[in-house]
Amino acid sequence: GSGYTPTQNIDAFGFLQELVGDMSVTFESAGTMRNGASVFVSLRLPQTVTIDPEGINDTIVPFVMVRNTHDGTGSFQAMTTPWRPLCKNTEGFAVRDAQRIWKIRHTAGITDRVKEARRALGMSVTYFEAFAAEETALAQTDIALDDFQTLLDTLWVPEDSPAKATATIAAKRTDTLMGMFGTEAGELGRTAYAAERAVTDYLDHVAPRRPGKTMTEEIARASALLLDSDGDTKTRAHRQLMTLVNR
């Protein structure tokens, strides 16, 4: 349209630098997808988040990432994203009252919107403090195998009379997730946190992906991470498990 204003790739770097102000930061990664139609830049924040410091003492690294498109299919977006570095999986959950994603249409420059974005994302400490508190609560909450099965049935609702192929896929998914939960429980105890990690790891690294004509499965999986394709499922898992904290 007549009001469309391109946001150049170099602007994404400048936006991130302005967004975090004088903090000591490191650009972690940048790249393009779909032959340059979509781009991303991520920046690592200097602080870390520790889950259950007196117990499992698991470290999460906070990032800020921007995504942009050059084909009119999406807005310019900035988001806070917690990552677990060891297994490269994203922990982006919708913590109560904490904003994760800020968007702006391609109708104005982004450099004069930094204060708005910083306020919306709660760049100070709001998101990550809330995130650490809820994850620590999950790490201190024991659950039974029946609880984990209920979680899976909530995320992937069983069909009443599924076709044979559908039933086979569902059974394989359940077996895989049960095995992953057992592995996590062996390291973290049979806790809600272990259950959440099993679901997150499955979605990020194991769940089948259907690559497009120009993609490999690995590229399709990386694209799903960057586009937060499984964000809703991760959020539902987190909220379901949080109901077990104070039962």
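Give the residue, chosen from 15, 27, that is part of a helix (DSSP H, G or I), open to solvent by less than 80 Å² (accessible area, probe 1.4 Å), more than 30 Å from residue 140 (Cβ to Cβ) and aromatic (Phe, Trp, Tyr).
Answer to the check: 15.
Residues in segment 152-191 that are in a helix (DSSP H, G or I), over 13 Å from residue 207 (Cα atoms) and either open to solvent by 60 Å² or more (accessible area, probe 1.4 Å) or among the charged types (D, E, K, R) (or both): 153, 164, 165, 168, 183, 184, 186, 187. Of all the criteria given as (1) farther than 18 Å from residue 191 by Cβ; (2) at pLDDT 80 or above, the one not satisfied by residue 100 is (2). Within segment 80-88, identify whether any single residue is open to solvent by 70 Å² or more (accessible area, probe 1.4 Å) and either at pLDDT 80 or above or in a loop (DSSP other than H, G, I, E, B) (or both), and answer yes or no. Yes, there is a match, as at least one residue in segment 80-88 is open to solvent by 70 Å² or more (accessible area, probe 1.4 Å) and either at pLDDT 80 or above or in a loop (DSSP other than H, G, I, E, B) (or both). With respect to residue 217, determine if the residue is open to solvent by 40 Å² or more (accessible area, probe 1.4 Å), more than 18 Å from the chain's Cα centre (by Cα) and under 26 Å from residue 42 (Cβ atoms). Yes. Could you tell me whether segment 236-243 includes any residue that is among the β-branched types (Val, Ile, Thr), closer than 25 Å to residue 101 by Cβ and loosely packed, with under 14 Cβ neighbours inside 10 Å? Yes: one or more hits.
The values are calculated or read from the model by the stated rules, or taken from the named source; none is laboratory data. For clarity, every value in this text was computed on a predicted model and none was experimentally measured. FYI the Cβ positions are ideal-geometry reconstructions off the backbone, even for glycines, and counts take in every protein chain you see. In case anyone asks, the SASA skips ligands and DNA or RNA and just uses the protein heavy atoms, side chains included. Shrake-Rupley method; radii C 1.70, N 1.55, O 1.52, S 1.80 Å.
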